[in-house]
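Following: one structure in structure tokens, then a few remarks.
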Amino acid sequence: MKKYLTMKDVLNITGISRATLYRHMNVIGDFPKPAFKVFDRLNRWSNEQIDQWLEQQRVELNG
């Protein structure tokens, strides 16, 4: 079931800081963009996007 996560949820699940999340999203480019925005400042990510990113990170770390 698709669930939409807040920034706080994403940070708790991934264990990274807000600055690191933005670095991965905007500089490195490997973090998924939000699924949608609520107003200008409220981003929402799907749990599926975050699960895929975490799996990708695990694969890259383990070779």
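None of the figures in this text is laboratory data; all of them are computed from the coordinates on show. Being a predicted model, the structure only gives us computed values, none of them experimental.
For the stretch 47-63, putting each phi into the Karplus relation 6.51 cos²θ - 1.76 cosθ + 1.60 with θ = phi - 60° gives couplings of 4, 5, 4, 5, 4, 5, 5, 4, 5, 4, 5, 4, 4, 5, 6, 8, x Hz, in residue order, rounded to whole numbers and with x for Gly and Pro.
If each residue of separation counts as 0.36 nm, what is the full-extension length gain between residue 36 and residue 61 once their alpha-carbon separation is subtracted? Spell out each step's value before the answer.
Details: separation 25, 0.36 × 25 = 9.00 nm, distance 2.89 nm.
This chain segment gains 6.1 nm when fully extended.
The three principal axes of the Cα atoms in the stretch 4-62 give end-to-end lengths of 38, 22, 17 Å, sorted in falling order.
Gain in length, residue 3 to residue 51, computed as 0.36 nm per residue apart minus the alpha-carbon separation, to one decimal in nm? Could you put the intermediate results ahead of the total?
Working: separation 48, 0.36 × 48 = 17.28 nm, distance 1.14 nm.
Taking 0.36 nm per residue and subtracting the Cα distance, the gain is 16.1 nm.
Backbone amide hydrogens, once placed in the peptide plane, bring residue 35 within less than 5 Å of 44, 45, 46, excluding anything fewer than 5 places away on its chain. Scalar couplings 3J(HN,Hα) for the stretch 26-36, obtained by applying the Karplus form with A = 6.51, B = -1.76, C = 1.60 to θ = phi - 60°, are 9, 9, 6, x, 9, 9, x, 5, x, 5, 6 Hz; x denotes Gly and Pro.
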